[in-house]
2 protein chains.
Amino acid sequence: MGESLDRIRCDCNVIHEDTVNKVKALMPDEESLYDLAELFKVFGDTTRIKILWALTESEMCVCDLAFLLNMTQSAISHQLRLLKQSRLVKNRKEGKVVFYSLDDGHIEKIFKQGMIHVKEQG
Amino acid sequence: MGESLDRIRCDCNVIHEDTVNKVKALMPDEESLYDLAELFKVFGDTTRIKILWALTESEMCVCDLAFLLNMTQSAISHQLRLLKQSRLVKNRKEGKVVFYSLDDGHIEKIFKQGMIHVKEQG
DNA sequence: ATTATATATGAATAGTTGTTCAAGTGTTTA
DNA sequence: TAAACACTTGAACAACTATTCATATATAAT
């Protein structure tokens with residue numbers, strides 16, 4: 001009694017010791033897995049995925065993206081800042097208009113691969 | 001004055017009409033993009049990505065995963081439920097032990113592709 | 001210079017989410 | 001039958017996040 005915390009260790013840990021050790025050895029390092037989760041977190045939002053998908057076709061300015069997604073410029077701009085911080089998009093200025101484009105060739109591949117999964121779910 | 005809401009339409013929409021229309025035509029449908037974002041949202045958490053990565057190597061029971069990730073069984077169990085709802089993992093029962101394994105062959109491909117991006121960021 | 005346009009940004013708010021805690025189910029062992 | 005074990009689950013709480021609103025900046029047009 002008094003043990004409110006769920007236990008972490010159990011008999012299985014001993015029984016399956018070899019498996020657990022093998023898996024542990026094959027796991028990428030903590031930092032890589034953290035970074036990978038961060039990358040997918042960026043993709044895990046409808047607005048951002050629409051922006052990124054649009055940019056796979058053509059560079060676009062903020063207000064065109066806003067019009068395309070039917071959202072305010074402010075909302076789009078906030079998300080573009082996040083995407084730029086994640087180094088997924090870059091921008092160039094032309095007068096008062098700012099054009100955004102993809103900053104990474106892998107994005108499209110990751111999306112296509114993910115879409116295969118989505119489509120198979122029926 | 002009185003217009004507090006950010007405008008959505010602007011001159012660019014007309015100037016870049018062809019581009020916007022082209023991009024709109026090439027975008028996947030709303031539902032697919034939503035599902036894709038949902039998929040990436042599941043990947044966008046360190047705990048879940050560790051679980052999934054571990055399961056790419058071997059099926060494992062709940063307490064072994066808890067031990068491997070140094071987390072409570074409860075926390076792992078909650079996440080496994082979510083992963084099962086997303087049809088990313090399946091399970092089989094052997095006595096009182098429940099073994100989880102991957103339910104999708106694409107997961108590994110998506111992870112590897114994502115990892116390429118992560119590693120390139122330096 | 002003044003006004004309009006395109007974009008950026010800080011603060012606030014509402015909604016979402018991951019973990020913990022406590023209590024539950026079902027199976028096995030003593 | 002009782003206790004131990006592996007796991008599940010609901011509620012609560014804290015942390016995070018996406019959008020909105022208001023305002024600011026920079027460039028262009030008048």
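Residue check: A:Q79 meets all listed conditions (1) within 11 Å of DNA strand D (Cβ to nearest atom); (2) surrounded by fewer than 19 Cβ atoms within 10 Å (Cβ to Cβ); (3) polar (S, T, N, Q); (4) more than 9 Å from chain B (Cβ to nearest Cβ) but one, namely (2). Selection of segment B:82-101 for residues being hydroxyl-bearing (S, T, Y) and more than 9 Å from DNA strand D (Cβ to nearest atom) yields B:S86, B:S101.
Of all residues in segment B:60-72, those satisfying the criterion of being buried (at least 17 other Cβ atoms within 10 Å of the Cβ) and out of contact with any Lys or Arg (no Cβ under 7 Å at 6 or more places or on another chain) are B:M60, B:C61, B:V62, B:C63, B:D64, B:L65, B:A66, B:M71. Scanning segment A:74-88 for residues that are more than 10 Å from DNA strand C (Cβ to nearest atom) and out of contact with any helix residue (DSSP H, G or I) (no Cβ under 8 Å at 6 or more places or on another chain) turns up just one, A:R87. Taking each residue of segment A:1-29 that is closer than 15 Å to B:A54 by Cα and basic (K, R) and looking for partners that are modelled with pLDDT of 95 or more and assigned to a helix (DSSP H, G or I) with beta-carbon atoms closer than 9 Å, six or more apart or interchain, yields A:K22/B:E57; A:K24/B:A54; A:K24/B:L68. Report the residue count in segment A:82-122 for those that are within 8 Å of chain B (Cβ to nearest Cβ), aliphatic (A, V, I, L, M), closer than 17 Å to B:G114 by Cβ and surrounded by 15 or more Cβ atoms within 10 Å (Cβ to Cβ). Summing the residues that are within 8 Å of chain B (Cβ to nearest Cβ), aliphatic (A, V, I, L, M), closer than 17 Å to B:G114 by Cβ and surrounded by 15 or more Cβ atoms within 10 Å (Cβ to Cβ) in segment A:82-122 gives 4. Residues in segment A:89-122 that are without any contact (Cβ under 8 Å) to a residue 12 or more places away in the chain and of a type in the set (V, I, T) were compared, and the one that is nearest to DNA strand C (Cβ to nearest atom) is A:V118.
Every condition in (1) acidic (D, E); (2) over 23 Å from A:V20 (Cα atoms); (3) modelled with pLDDT of 95 or more is met by B:D45 except one, and the failing one is (2). Can you go through B:V14, B:V42, B:V20 and tell me which one is over 19 Å from the mean Cα position of the chain (by Cα) and more than 7 Å from chain A (Cβ to nearest Cβ)? Matching residue, one of B:V14, B:V42, B:V20: B:V14.
The values are calculated or read from the model by the stated rules, or taken from the named source; none is laboratory data. In this text, all values refer to a predicted model and were calculated from it rather than measured experimentally. Cβ: placed from backbone, ideal geometry, glycine included. Neighbour counts: every protein chain shown.
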